[in-house]
Structure formats: structure tokens, C-alpha cells
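Readers should treat all values here as calculations from the given coordinates under stated rules, not as data from a laboratory. Bear in mind that the values here come from a model prediction, so they are computed numbers and not experimental data. Note that we place each Cβ from the backbone using ideal geometry, even for glycine, and neighbour counts take in every protein chain shown.
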Amino acid sequence: MRHPARAVERKPLNGPGPGSQHHEGGESDGFRALHLKLPAALRAVPGARHRVRSAVTAWGWGDEADTVELLLCELLSNALKHATSNDREARPIGVRITHGHESLVVVVCDGGCANAQVEASARPGDLAEGGRGLLLVQSLASEWGSRRSAQGTSTWFALDRRGTD
């Protein structure tokens, strides 16, 4: 799948919590962006959730805020798991949300292991504690995908405005 991202001019704002940073791009032709840099720690998740919900609501995506928050949390959970699963020091997790006229794209980047499988095709066992997050992303997002590089894994999802598929 293609990676739907676009570069934006950024200006610094106050971060959502200790150890985190974020930047919000200005509006240009109806395009907006939010960039967060989070420590690979559970304590960063509530602030990130709040900041993302606030941004998507301000951008006119309030009807989709619950879905965005749910899917963001799934991607953040995976990123935290993989960012801290190897022997090296955990790298920060990046979150980028871009918004155009008819779509919203959320990208979560981690510095985790390059061997991590990113797929939603396997159905977990009935008693399994995990393994359903990407299935939720697959079923609720308009499209989603991932890309691996030497720096880690970027996993993304896109939502289209309802009724504009």
C-alpha cells in the first residue's frame, strides 16, 4: 500500500506531557498536521490521546474522534511493545496526523525491532489476551498499512469522511 503522508511547515507548541514534544502545522489549502514525539512509556499515552482528540475535533472530525482515539491507542500499544522489546535503549515514538479536505491520516513510528510482523490476517485464539488491535484497524479504517526501515516501523491508517468513499 502507498504511504499517504505529506510534508508540512511546523511550529512548536506545548507538549501533552512530561518528556513529549509536539508540533502543529499551519493551515495551507485546507491541510493541517499534528506531530508528536513521545517517550516509549505508558505514561505518554493519555496525553497523546487527549492532544489528538482535541486536534481532530478542532479540525471538524468530532464525529470520528472516538474511532481515531481507539485506533491510535491500538497503534501506540504496538509501538510501545516493539520499541521496548529489544536490547537497545527504547527510541521515542512519533505520531503524525494529517488532515486534508476529505481524509485524515494517522501515522505511528517506533524504533523497534526490524523483524516485527505487521499484519492483521491472523485470528487470535478465543482466550488470547492480545492480537486483535490490527484487526480493529483493518475493519474501521478506510485503508491502513505499514513500512519498515532501518529506523523502525511506521504503521498508519486513513479515515475518509463518511459518505465520501
Which order, highest average first, do 73-83, 55-65, 95-105 follow once you tally other Cβ atoms within 10 Å for each residue and take the mean per peptide?
73-83, 95-105, 55-65
Please give the contour-minus-distance gain from Lys81 to His50: 0.36 nm per residue of separation, less the Cα-Cα distance, rounded to one decimal in nm.
9.1 nm
Full-stretch length increase - Ser149, Leu70 - with 0.36 nm per residue and alpha-carbon distance subtracted
25.9 nm
